[in-house]
Amino acid sequence: MEYIQSLFSSNKILTIYRAGSCAYGVIGSASDEDFVVVLDEFSGMMHIPKNDDGKEYFVFGRQEWIKKMEFDEGLATYFKLFPDEVIGNIPLYLDEGFEGVYTSYQTREWVLVIKVQLSEIINFFSLYLEDGILTKLMWHLFRLEEQVLRFTSTGLWTLDLSNESKEKILIYKDNYRLQSQDYVDEFKHIIEYLKEVMNS
Amino acid sequence: MAIRKITFDGSEVKSKDDADLYYHIFGLTTAGIIAGLYNECAVSAGNNQITISKGVIAVYGRMILVETNTQVSITLDGSKYGYVYLQVSTLDNSVSISTIESLTAYPSLTQNNLHSTSGIYQFPLARYTKTATSLTLDTSYQTTLIKTGPTLISEMQTTIQSYIESNFGVITLTPYSTASNISRYEITGITLAKCLFVSRLNNGTSIIFPGRTISRASLTNISYQYLQTNYYFIIEYIGPSTLYLYSSNNGEVGHRVSQLQIWR
């Protein structure tokens, strides 16, 4: 918090929370620690890697963060893949004045947004899979598969993952650079499943 | 005797001494026609004869003048492949022009190293095929030409210029796809660590990043400002050759990639 405040001394910090692998509980040996920072009166977004301790800060102005949570069309799809990262995620810092906004995204009915989210996810990852290419971010497809399965049977959207999924994700993160066709095929199957759910 | 005077008053200069010097001057070219002198031993065929025009040939630095319209007769005795060649023999200190033929392919020529030893060197002047009724000169065949210094320099200049133009400077890449407003490129034939990338956005912003940056990490973000708002540019490199580029706000036309330049 001190580090961010020193960089943005004239901006009020609205929230800081863990994101990426930390949020989903799948920290691998080579994982960075990712944090989302929301600032008041800041325009746009910035990515600040802090190389000395492996921490990365994804800094958003209030409006830009809301756009991300609302799947705004102007944003690159990449930023609309993880709007559920706040669910059950206790922030490291949350300004009182921002609590209502943050909580509203934590507690929103996922059924209202799941199809939009799936559409973004399918579009984004299909782009790479069409080229037969694996990217590190594709581990999200494993967690989404479990989340969507649970959602369709219970109506609950949580970030909890089974040990089996966590292990699968960690193995994938360590091996995605090998560009195995088996993974490409597996992800294509997951995409097909997500399409079915989206179109149901 | 361990040493021998050559270019001194009263000393004996042997033909091998001169030959060695010319061999060196001609860039240690084994044998060839000296370019620019007379008609460079140009050949023509007609009336069962091959005619060689005037020129000078150097074989391991030994100079031979071929006089105007030197002719060699070809006997039309069947289908064969042949050479007209100049033979230099340091065994008996002779030169001659002759032919050698073979039934199935162009025959081999004897080519001893006359700099290091005594022997025979057969230098091809022309190549031909014949039948029982015709003689055809192989006009595609090129004998070795010993070029002048300025010619060699000029040729080297052209070669270097061509090399520089094809290996350095800027190249502009066209994306093979822009699905989801993500520009996808194939980058091959360049050394990433030695290049500088310039990505132009539609709004005129130029984002410059070294190839070394993308060769180290699969996904790199570069922050940029436009009209007092912060954005970032995402560079995703999937080795060995695929590059994905897009801005955090690629939904807006102005922030989409319009051009990718690679400066080498």
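The values are calculated or read from the model by the stated rules, or taken from the named source; none is laboratory data. It should be emphasised that the depicted structure is a prediction, and the values quoted were computed from it without experimental measurement. As a convention, Cβ positions derive from the backbone with ideal geometry for all residues, glycine included, and neighbour counts pool all protein chains shown.
General observations
- For segment A:33-55, taking the residues that are crowded, with 17+ Cβ neighbours inside 10 Å and within 11 Å of chain B (Cβ to nearest Cβ), the one that is farthest from residue A:112 (Cα to Cα) is identified as A:48.
- If you go through segment A:68-78 and keep only what is touching a residue at least 12 places away in the same chain (Cβ under 8 Å) and within 9 Å of chain B (Cβ to nearest Cβ), you end up with A:77, A:78.
- The set of residues from segment B:205-238 being touching a residue at least 12 places away in the same chain (Cβ under 8 Å), part of a loop (DSSP other than H, G, I, E, B) and within 12 Å of another protein chain (Cβ to nearest Cβ) comprises B:217, B:218.
- Within segment A:129-153, residues that are in contact (Cβ under 8 Å) with a residue 24 or more places away in the chain sit with their Cβ atoms under 6 Å from residues that are of a type in the set (D, E, K, R), at 6+ positions apart or across chains, in these pairs: A:129/A:188; A:139/A:173; A:142/A:168.
- Within the set A:170, A:81, A:94, A:161, the sole residue that is closer than 30 Å to residue B:255 by Cβ and surrounded by 15 or more Cβ atoms within 10 Å (Cβ to Cβ) turns out to be A:81.
- Within segment B:161-198, considering residues that are more than 35 Å from the chain's Cα centre (by Cα) and not in a helix (DSSP H, G or I), the one surrounded by the most Cβ atoms within 10 Å (Cβ to Cβ): B:182
- Segment A:6-49, residues that are without any contact (Cβ under 8 Å) to a residue 40 or more places away in the chain and either in the same structural domain as residue A:139 (by TED's automatic domain parsing) or among the β-branched types (Val, Ile, Thr) (or both): A:27, A:37
- Restricted to segment A:79-94, and to residues there that are not acidic (Asp, Glu) and not in a loop (DSSP other than H, G, I, E, B), the residue that is nearest to the other protein chains (Cβ to nearest Cβ) is A:79.
- Test for residue B:166: is it within 14 Å of another protein chain (Cβ to nearest Cβ) and of a type in the set (S, T, N, Q): no
- Within segment A:45-70, the residues that satisfy the criterion of being closer than 18 Å to residue B:232 by Cα and in contact with an Asp or Glu (Cβ under 6 Å, 6 or more places away or on another chain) are A:45, A:49, A:55, A:56, A:62.
- Residue B:250 more than 13 Å from chain A (Cβ to nearest Cβ), in contact with a helix residue (DSSP H, G or I) (Cβ under 8 Å, 6 or more places away or on another chain) and either crowded, with 20+ Cβ neighbours inside 10 Å or under 26 Å from residue A:80 (Cα atoms) (or both): no
- Residue match in segment B:57-65 (condition: out of contact with any helix residue (DSSP H, G or I) (no Cβ under 7 Å at 6 or more places or on another chain), free of Cβ contacts under 8 Å to residues at least 12 places away in the same chain and within 22 Å of residue B:115 (Cβ to Cβ)): yes
- The residues listed here are B:143, B:99, B:129, B:104; of these, the one that is among the β-branched types (Val, Ile, Thr) and free of Cβ contacts under 8 Å to residues at least 24 places away in the same chain is B:104.
- One residue from A:188, A:115, A:195 being within 18 Å of the chain's Cα centre (by Cα) and among the basic types (Lys, Arg): A:115
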